[in-house]
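Just below is one structure, and these are the notes that go with it.
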Amino acid sequence: MFEEPEESPAERAATPSQRAKEKADEFRMHAELCAVFEATRKFDAQIVGGLNADIARDVQRGIGKLEKSKLPDSPVLPETSAADAAALLNRFAEDNLSPNDYHIHRRPGEVMMVRWIEGEQVDSFYERLQAHFDAALNQCRDEERQSHGWKQDAPTLAYLDALDAVTINMAERYLREIVRKHSASALSTQTADEMDILHLGSIMNAEPSELVGGASAPGDEPTEQDRTWFFKLFSLRGMNEGKERMCFFAYLQKVDEGF
């Protein structure tokens, strides 16, 4: 049996700038995850179970329709989808669902979670999004220099310099001004084949049973398999009734053996 190499050919071939970009993408995705799901800790949001199944399915179908309408290389939705996007952004008001809170529909091994925000809540979201990204990037810079700066070889120094050069305005990255100035709608997605439900619970300061229900929650000494869920997050943003609004829809499915 051959031993696995310490680095794959792709890793060895990656340029310093590519390695830095991959790190930045990782931090950007985690920043979004935290900014979307931390409101129970930061902004007095509640986890509200019992979301009507018809509403949950309508939101799921609506989001799916919008996703299919997108061009592959842009999160901006076509004008033909404007009415559908507006309907989803207004759905909480139509059905008297509280903004900011996490509305959850649960079935065994399956969870749909929806959160709407508007106005100042959107401002807070983008502030937190930027703060999470900056904190993760700065910590990485410090750790990488402490761990590798002493090597003084050209590739390592180039990588550290590339990390220092990374700068991302998260509001620009998420096309906020385009949404606000042109009343456009945009939809981004984030997918994890293996989301640790304990990690999501820690971000929300919630027990896993509050998220996925007692029957689907991992036990006291869970295995990695017990904790693993498929996860997909949709982030819809746009202008509606003169207000900037966002709708976050998360779909989770328990990953069983052989999934």
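Read-outs: derived from the displayed coordinates by stated rules, not from any lab. These numbers were taken from a predicted model, which means no experiment stands behind them. As a convention, Cβ positions derive from the backbone with ideal geometry for all residues, glycine included, and neighbour counts pool all protein chains shown.
Sparsely packed loop sites in region 22-89 (the chymotrypsin sites (Phe, Trp or Tyr not before Pro) outside DSSP H, G, I, E and B with at most 14 other Cβ atoms within 10 Å) comprise 43. From least to most packed, judged by other beta carbons within 10 angstrom and beginning with the fewest, 197, 178 follow the order 178, 197. GNM on the chain, alpha-carbon springs under 10 angstrom: the most fluctuating residue among 183, 74, 147 is 147.
Among 108, 218, 99, which one shows the biggest mean-square fluctuation in a GNM of the chain, springs joining Cα atoms closer than 10 Å? Fluctuation is largest for 108.
Would you mind classifying region 23-102 by shape? Square roots of the alpha carbon gyration tensor eigenvalues, ordered a ≥ b ≥ c; an a/c under 1.5 is rounded, otherwise it is prolate if a/b is larger than b/c and oblate if not. Oblate, since a/c reaches 1.5 and b/c is not below a/b. So how far apart, in nm, are the two label points at residue 18 and residue 48 if each is 7 Å from Cα heading toward Cβ? Result: 4.7 nm between the two label points. The distance between label points at residue 226 and residue 199 comes to 1.9 nm (points 7 Å beyond Cα on the Cα→Cβ vector). The magnitude of the dipole of region 12-254, with charges of +1 and -1 set on the Cβ of Lys/Arg and Asp/Glu and taken from the Cα centre, is near 580 debye.
Fewest-first ordering of 195, 29 by other beta carbons within 10 Å of each residue's beta carbon gives 29, 195. Straight-line cross-link partners of residue 65 among the aspartates and glutamates, defined as a Cα under 15 Å from its Cα and at least 8 positions apart when in the same chain: 79, 84. Once the C-beta distance of residue 41 and residue 177 is scaled by a Förster radius of 30 Å, the resulting FRET efficiency is 0.60 to the nearest 0.05. Ignoring lysines fewer than eight residues from residue 23 along the same chain, the ones with Cα atoms less than 30 angstrom from its Cα are 42, 68, 70, 151, 232, 254.
Would you mind classifying region 12-254 by shape? Square roots of the alpha carbon gyration tensor eigenvalues, ordered a ≥ b ≥ c; an a/c under 1.5 is rounded, otherwise it is prolate if a/b is larger than b/c and oblate if not.
Numbers: a/c = 2.04, a/b = 1.33, b/c = 1.53.
Oblate.
This ranking places 132, 103, 30, 199 by how few other beta-carbon atoms lie within 10 Å of each, fewest first, which gives 199, 30, 132, 103. Extending 7 Å from the Cα toward the beta-carbon at both residue 80 and residue 150 defines two label points whose distance is 6.1 nm.
Which of the aspartates and glutamates could a cross-linker bridge to residue 21, judged by Cα under 17 Å and excluding same-chain residues fewer than eight apart? Candidates past the 8-residue exclusion: 11, 32, 134, 142, 143, 144, 161, 164, 172.
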